[in-house]
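The values are calculated or read from the model by the stated rules, or taken from the named source; none is laboratory data. Bear in mind that the values here come from a model prediction, so they are computed numbers and not experimental data. Note that each Cβ is placed from the backbone with ideal geometry, even for glycine, and that neighbours are counted across all protein chains shown.
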Amino acid sequence: MSLVISLILFAAAIAYVEWRLKSVNRSNDEADQHADHHFATKKELKDYVEKTAKQRQIDLQAIDDRVSSIEQRVFFTGNPTQKRPVEQMQSETKKDVFYFRWPAEDGSFSDAERKPVATENTYYEFHLLSATEAEFLFKTISETQLSKANNSSKKYIERACTFSTAKSAHYSCQPGKAILKNGCWIITQKAVIEYQ
C-alpha cells in the first residue's frame, strides 16, 4: 500500500512540474504577444522581460526543490546518492521509527522536529513502544558525523547518553528510554554508549 502511495505521490509531482512549466511558458508567450500594447518605451519592455526571466528562474528552482524533496522522501535515505529499494522504505515506515538531531539543553527532544529518515544531521533513532513511550539509540551514519559528535559531546551526546571509555571511531549503544509529555520526549533513562 505504501508503495502505491509513494508512486502516486511521485506521479503527482511529475504532473505538477509539467503543468507548472507549461503555465510559465504560456504566460511568457502571452506576455510577448501583448507587449506592444503594454509598454510605451524600450526601457519598460526591457525591464519587464528581465523581471519575467527572474521570476521564471525562481519558479523553476521552486519546482526543482519540490521534486527533490518528494524524491528524497519516497526513494532516498539521508544520503541522496544512495538509493534504497522502495520495499525497504516500506518496511522501515511500518515500524514506528523516527529520528532527531541532538537534544535540547535539558535533554529533551521536541516531537515537532522528528524526521522520518536518518541523515547526516540526525543523531538519535527512536523506536515507539507505545503512543507515549519510546526507546532511543545514539546512531550516526558516517565517521564524519561521529567525529563531529565526539568533538562536541556535551551538545550531541552527554545530554542524552552516558559513556565510560575514551571516545573512538567505533561504538555500540544500549538503548535509553523516553516518554512523550507536552509535545516533548523527556528522557527517563539515558542511553549507554560503549566505545570500542
- Restricting attention to region 146-162, which residues are in contact (Cβ under 8 Å) with a residue 12 or more places away in the chain and under 24 Å from residue 184 (Cβ atoms)? 149, 153, 155, 156, 157, 159, 160, 161, 162
- Message: Restricting to region 173-193, name every residue that is surrounded by 19 or more Cβ atoms within 10 Å (Cβ to Cβ), under 12 Å from residue 126 (Cα atoms) and out of contact with any Leu (no Cβ under 8 Å at 6 or more places or on another chain).
- Response: 178, 185, 187
- Message: Could you tell me how many of the residues in region 116-159 are part of a loop (DSSP other than H, G, I, E, B) and under 19 Å from the mean Cα position of the chain (by Cα)?
- Response: 12
- Item | Filtered residues of region 105-145 (kept if closer than 16 Å to residue 192 by Cα and without any contact (Cβ under 8 Å) to a residue 24 or more places away in the chain) | 140
- Message: Please determine whether any residue of region 98-115 is surrounded by 10 or more Cβ atoms within 10 Å (Cβ to Cβ), touching a helix residue (DSSP H, G or I) at 6+ places or on another chain (Cβ under 7 Å), at pLDDT below 60 and in a loop (DSSP other than H, G, I, E, B).
- Response: no
